[in-house]
Amino acid sequence: MTKKQFGIIFTLMALIVCVGVLSMKLNERGLTDPTDLGAMLLENDTDEETMSTQDYFYNLRTKKAQSDDKIKNEMKAVTEDASASQEAKDIANNSLIQKAQLQEQESRVEMGIMNKGYEDAICMIDSNKVTVYVKVKDAPTTEETASLQQLVEDITTLSDIQIETKK
């Protein structure tokens, strides 16, 4: 065996080990429950206070997108699995449709808030609860908060709404 062949084999083995470790880390939680998305996204943000607002919104949006993609991929895998029951496929398909509808509502909430003059907003809908993070320069007045609450309620038709502001 030449040095080049040994190097290639060693590199492939190292890559396989890395992929294995990464997949173990990603699968530690098993199938995630999409109803607890907000808690899952924020549980590792221990340095939230020291993070700049821009980094906070960027990181939260990235985690949300990754979580949404993971849920979609899991549901698509079920719908495409030949060994899955028709009931499981139907449930997965309905979950995909529901996820798309929730994402559309989240986008509408975010755009509605930014249309009111706020710099940034992130909306997360988890079953019957809505959590909205709004980037503000100054703390909003009671009237502004009520206006945001009404906007979110009008779009989502949910009443359990939590609005958090970040400077």
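Some points to look at:
- Check on ASP68, within 26 Å of TYR118 (Cβ to Cβ) and modelled with pLDDT under 85: no
- Selection of region 102-135 for residues being touching a Ser or Thr at 6+ places or on another chain (Cβ under 6 Å) and among the acidic types (Asp, Glu) yields only ASP126.
- Cβ-Cβ under 8 Å pairs, at least 6 apart or on other chains, region 56-83 side β-branched (Val, Ile, Thr), far side outside any helix (DSSP H, G or I) and surrounded by 13 or more Cβ atoms within 10 Å (Cβ to Cβ): ILE71/THR32; VAL78/ALA84
- Here ILE8 meets the list (1) at pLDDT below 70; (2) more than 19 Å from the chain's Cα centre (by Cα) almost entirely, failing just condition (1).
- Residue within region 131-140 that is more than 25 Å from ALA100 (Cβ to Cβ), in contact (Cβ under 8 Å) with a residue 60 or more places away in the chain and surrounded by 16 or more Cβ atoms within 10 Å (Cβ to Cβ) present: yes
- Boolean, GLU144 is crowded, with 17+ Cβ neighbours inside 10 Å, more than 20 Å from the chain's Cα centre (by Cα), of a type in the set (Asp, Glu) and closer than 18 Å to GLU164 by Cβ: yes
- Residues being farther than 19 Å from ASP55 by Cβ and in contact with a Pro (Cβ under 9 Å, 6 or more places away or on another chain) - total across region 115-139: 2
The values are calculated or read from the model by the stated rules, or taken from the named source; none is laboratory data. From a predicted model like this one, the values you see are computed outputs, not experimental measurements. A quick note on method: Cβ atoms are made from the backbone with ideal geometry, for glycine too, and the neighbour counts reach across all protein chains shown.
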